[in-house]
Amino acid sequence: MQHIKRTATAVALTASALLVSACSSGTTPEPAKNAADGRPIVNKENWPKKIPTSGLTKDLSLPLEAYMASYEDQVTVEQAASDLQQSCMKDYGIDLTLPRAGANPPPSDNDANIERRYGITDRAKAEKYGYELPPALQEHTEQTMRDLSGVEVEVLTGHTKPEPAESPEEVKAGGPVAVPGQGAKPARAEYNGKKLKTGGCIGWSKDQLGVKETDPNFVAQLAGDSLVQSMKDDKVIKAIAAWSSCMDGKGHTGLADPYKAMDQGVTIDGKPSQESIALAVDDIDCKEQTDLVKIWSGVESAIQDKQIADNESQLTGIQEQRGKEIGLAREQMAASAR
């Protein structure tokens, strides 16, 4: 893991930063293998738990999580869309294998990032890894995809192939397929005697799954706001002060809050030192001693309950829309497995 400065709002939003890449349970074909070393491309053992099963956040969830897409659900929709796109391309006589979803899971199940929302919380992991993620979550499984011809890009996306990416960063961001910028134009009307679909096979797959372009950050932003608000609450201020005093007593001075400890403990090379492990363990012990996580999450839960009441209509709409998408995606996955 790279050296990352964690702030209150950043911690609330990190879980969704990675692209989802997995497929739903019960409908998964034999997992593909990483050609380089034989590891499964999709390893569900590394997927985050929907609710933590260990540490100070064991069994803990926040009210807004009911309106957040779980990792598995995001993956189900992505993989179903990918399957539809491959089928669509085949209808035009194009064989295309898209990357499997689920290869590189994030550390948390959803945007709440509950395991590290209030700083690190799992002592057993801290004893091994300090502030770093477990090695399995630091690995990145590469899935190569052949370069598409101009007409293949048109059939897939509904626009012409953009200019070549000028940097490795642009390639990682999606290359010539993902973004219809860089001089891209509308695709031709037909190919192999068949009319191209609006938005290409990608647009068609979204239509089939009922995917609507909504603000993906609305719930996450509410969660970021609730975290910031909670830090202004007297109960949380006192609990953090008690934690800081506890850390001072263990020789870790000048740490105003758990995020400062994370800043100090995360290493540049991702390899925990004895010092960072000692800091991490003391950090969690002080959280347990001061009941920080329980107090903080309780205050934030009350804030989120009010947010939900104030935004009930919009949140209900998001929840219902996501439910429709996931339902159609599961049906598609089941049909593909038959």
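The values are calculated or read from the model by the stated rules, or taken from the named source; none is laboratory data. Since we're looking at a predicted model, the values are computed, not measured. Virtual Cβ from ideal backbone geometry, glycine too; neighbours counted across all protein chains shown.
Within the stretch 228-249, the set of residues being farther than 21 Å from Ala278 by Cα and not aliphatic (A, V, I, L, M) comprises Gln229, Ser230, Lys232, Asp233, Asp234, Lys235, Lys238. Return the residues of the stretch 10-67 that are buried (at least 16 other Cβ atoms within 10 Å of the Cβ), β-branched (Val, Ile, Thr), within 25 Å of Gly323 (Cα to Cα) and at pLDDT 75 or above; say none if nothing qualifies. Answer for the stretch 10-67, where residues must be buried (at least 16 other Cβ atoms within 10 Å of the Cβ), β-branched (Val, Ile, Thr), within 25 Å of Gly323 (Cα to Cα) and at pLDDT 75 or above: just Val42. Looking at the stretch 90-169, the helices (runs of 4 or more DSSP H) lying wholly inside it that each contain 2 or more residues that are over 25 Å from Ser276 (Cα atoms) sit at 150-157. Each residue in the stretch 236-276 was checked for being polar (S, T, N, Q), assigned to a loop (DSSP other than H, G, I, E, B) and surrounded by 15 or more Cβ atoms within 10 Å (Cβ to Cβ), and 1 of them qualify. Is it the case, given these coordinates, that Ser297 is touching a residue at least 24 places away in the same chain (Cβ under 8 Å) and crowded, with 17+ Cβ neighbours inside 10 Å? Spelling it out, Ser297 is indeed touching a residue at least 24 places away in the same chain (Cβ under 8 Å) and crowded, with 17+ Cβ neighbours inside 10 Å. None of Glu152, Glu127 is crowded, with 16+ Cβ neighbours inside 10 Å and either at positive phi or at pLDDT 95 or above (or both) except Glu152. Residue check: Gly327 meets all listed conditions (1) more than 27 Å from Asp59 (Cβ to Cβ); (2) surrounded by 14 or more Cβ atoms within 10 Å (Cβ to Cβ); (3) not aromatic (Phe, Trp, Tyr) but one, namely (2).
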